[in-house]
Structure formats: C-alpha cells, structure tokens
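The values are calculated or read from the model by the stated rules, or taken from the named source; none is laboratory data. Since the model is a prediction, treat every value here as computed from it, not as a measurement. Using ideal geometry, Cβ is built from the backbone for each residue, glycine included, and neighbour counts are taken over all protein chains shown. The area values use the complete protein model at the heavy-atom level, side chains included, leaving out ligands, DNA and RNA. Shrake-Rupley method; radii C 1.70, N 1.55, O 1.52, S 1.80 Å.
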Amino acid sequence: MFAAAAGLAAPVQAQETDFIVYGVSFEQFEVRAGLDDASDVLAWDGDAFVGNDEWKLRLTSEGEHVTEEDAFEVLEHQLVVQRLWTDFFDLKAGLRYDSPSGPDRLYAVVGAHGLAQQWFEVDADLFLSERGNLSARLDVDYELLLTNRLILTPTIEIDAALDDDPAIGVGAGLVSVEAGLRLSYDLIDRAVAPYFGIHYERSFGETARFARDEGEQVDGLYAVVGLKMLF
C-alpha cells in the first residue's frame, strides 16, 4: 500500500503545484526463514516513480535470493509508463526483464494499477514474452489499521500462463500462488515500518511437475521479518 499511497499523493501535489514529483518505496524488504525444509530467502519488492498528475514513469524491482544455493530464484524488473485512467486507477504499458539463475526473458507489459473498492491495492498485468508466450498476474493487498501505527497487511499474488515455457519451469494454466500476512509498526510517519509475519507459496499443474522433475519443492512456508520504507 506504500506504493499506492505514493502514487495517489503524487497527482494531488502535482495538481496544486504543477511540479514534477517523485518517490521511492519498498513494500517488502525481508528475510524469509524457511519452515518445513524450505530454504531461507532474502526478498524485496520495491519501486520508484517520477511524473505528474497524468503521466508517470515507474521502475519496479522484485527479487528472491536463495541463500543456500547463493542464486536468484526471482529477479524481475519492470519499466512502465502509467497514464491516469480514473481517480483511483492508472493504465500502464512497458517492458519487463527477468534475469534469475535460469534463462533470461524479456516481456511486453500492459496492465492497471490502483485502489479498488474498500481500499484494496490491485496490480493486474498481462505479459507477452519474446518467445510469444502469454501470461498474467494479479497482485492484491490490503492494509488493516489495528491502531494508528499498527497495521496488518494480507497479500496474495496469482500467476497464470497460456503457454508452456519449460526452459524457465513454467507450465500452461495456474502457475503459482503466493500469500502472506505481515504485521507492521510505523516508526517514522509511515516512512519506516518494521514488520514480521508469514509467507506461503505454491506451484500448480505443469509448473509443479517441472519443479518436481528438477528435484525442487513445489511449496514453501516461511517466517518473515523485514522493513517497509517510503522516501
């Protein structure tokens, strides 16, 4: 929700001052301690933007580094242009580049980002890879204010693919689901917030079969501790 808050604050400031605005945020910067034989992971999910009330240029970065293997399981960057669509949603288009320990992939991206009813932050994307494979992602989270500073944030991310891409271990159909529950405490006016919680992820269908064939786990449960940051 940090990114959404920054994105919503930007148009207001731009409209009042007619200036270019910018911001950097990390919704997740955490260590995931594997439970049930899952490997420990260092993970982050952050973004930076610059723009005005109608147009923004946004760079996002997401990574998962498996400490036991000393390799990136996920290393994804997106560079997109966002255009104001409604009061609460932007349309976006751009490029995504994945460079984990396996083969690299380049994707075209189109999607929408914003706040749905009841203040759910929603990120919905379609991806077309350089190999012509089509996939989609839905990322939803919600901030439940227990007090003015104590916030409980459930999250869910769902990935699906229309085509098989065995080289990167992706099968057609439902690819994976990641869900988490994080409890944070705002230390400095929502700019710095340490948190702890749990994170679960699971692969499905052909993607799970590819993982089993490689001797990899298809699910993992983690205890997490981390820091939210907003600049």
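Express in whole angstrom the spacing between the alpha-carbon centres of the range 73-97 and the range 27-72.
Result: 16 Å between the Cα centres.
Provide 174, 183 ordered by accessible surface of protein heavy atoms (probe 1.4 Å), highest first.
Details: 174 75, 183 45 Å².
Descending order: 174, 183.
What is the gain in length, in nm to one decimal, between residue 69 and residue 218 on full extension, counting 0.36 nm per residue of separation less the C-alpha to C-alpha distance?
Working: separation 149, 0.36 × 149 = 53.64 nm, distance 1.64 nm.
Extending this stretch completely gives an extra 52.0 nm.
If I take every Cα pair under 8 Å that is 6 or more residues apart in the range 178-231, average their sequence separation and divide by the length, what percent do I get for the relative contact order? Before the final figure, lay out the partial values.
On the way: 86 pairs, mean separation 21.7, N = 54.
After rounding, I find 40 percent.
Round to the nearest 10 and report in Å² the accessible area of residue 54, as given by a 1.4 Å probe over the protein chains' heavy atoms.
80
Give the Rg/Rh ratio for the chain, taking Rg as the radius of gyration of the Cα atoms and Rh as the Kirkwood radius, to two decimals. Provide the component values of the computation, followed by the final result.
Numbers: Rg = 17.8 Å, Rh = 18.4 Å.
Reported Rg/Rh (Cα atoms, Kirkwood Rh): 0.97.
Summarise the accessible area of the range 23-130 (1.4 Å probe, protein heavy atoms) by the percent that is carbon and sulfur. Write out the running numbers ahead of the final one.
Working: 3360 of 5520 Å².
C and S fraction of accessible area: 61 percent.
Can you work out the accessible area per residue across the chain, with the rest of the protein chains kept in place, probe 1.4 Å, in square angstrom? Mind showing how you got there, number by number?
On the way: 12190 Å² over 231 residues.
Dividing the accessible area of the chain by its residue count gives 53 Å².
Going by Cα centres, the range 167-185 and the range 100-134 are how many Å apart?
Each part's Cα centre sits 13 Å from the other's.
If I compute solvent accessible area with a 1.4 Å probe over the protein chains, what percent of it on the range 174-231 is carbon and sulfur? Please report the intermediate quantities before stating the final value.
Working: 1980 of 3090 Å².
Carbon and sulfur atoms account for 64 percent of the accessible area of the range 174-231.
About its Cα centre, how strong a charge dipole does the range 89-141 have in debye, to the nearest 20, once Lys and Arg get +1 and Asp and Glu get -1 at the Cβ?
The calculation lands at about 220 debye.
Can you send over the solvent-accessible area of residue 147, 1.4 Å probe, protein chains only, in Å² to the nearest 10?
Counting only protein heavy atoms, the figure is 70 Å².
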